[in-house]
Amino acid sequence: MRERLQQEMKDALRAGDKRRLSTVRLIQAALKDKDIEARGAGRGQASEEEILALLQKMIRQRQEAIGIYEGAGRNELAQQEREEAEIVAGFLPQQMDEAEVREAVRAAIAETGAAAPKDMGKVIAALRARYAGRMDFGKASALVREMLPKPG
């Protein structure tokens, strides 16, 4: 991933693509912060899984900003955020569709032996370990909540 980011930055620089260049630089700055945080915890560099989580977080931030900008009538800023989110999403692996997510949640519930809403953390942890970067965990947690047996 790190090599790909470096190559993307060089390509954007050569092509004069300012939006892509600035977005890749934002990703690299966030990654550098994540590496510093990981070193502080005694782990060396951020793992691939942490990088994927970071990219998903950046996309979520941009989606929130789009809503805020559109609500304020700042469509040019909303469009900028949309473009950045698209560029960041290009670094993520192919996202799972809803049927795949539903099946993965079903399998994780069975695998962890989850039997009640209090077991939700175990299921989400299993999903994160297996599908980091390929699944929207906000939507997945709603599915887990829906699919776990209700108490009583």
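The values are calculated or read from the model by the stated rules, or taken from the named source; none is laboratory data. Since this is a predicted model, take the numbers as computed values, not measurements. Note that we place each Cβ from the backbone using ideal geometry, even for glycine, and neighbour counts take in every protein chain shown.
Can you name the residue in region 118-131 that is in contact (Cβ under 8 Å) with a residue 24 or more places away in the chain and buried (at least 19 other Cβ atoms within 10 Å of the Cβ) and, of all such residues, is farthest from Q61 (Cα to Cα)?
Restricting to residues being in contact (Cβ under 8 Å) with a residue 24 or more places away in the chain and buried (at least 19 other Cβ atoms within 10 Å of the Cβ), the top hit is V123.
Based on this model, can you work out whether Q61 counts as in contact (Cβ under 8 Å) with a residue 24 or more places away in the chain and assigned by TED's automatic domain parsing to the domain that holds L26?
no
Going through Q94, Q79, Q7 one at a time, which residue ends up being surrounded by fewer than 18 Cβ atoms within 10 Å (Cβ to Cβ) and in contact (Cβ under 8 Å) with a residue 12 or more places away in the chain?
It is Q94.
Sort out which residues of region 10-48 are under 20 Å from P93 (Cα atoms) and either in contact with a His (Cβ under 8 Å, 6 or more places away or on another chain) or in contact (Cβ under 8 Å) with a residue 40 or more places away in the chain (or both), and write them in order of number.
R20, T23, V24, L26, I27, E48, listed by residue number.
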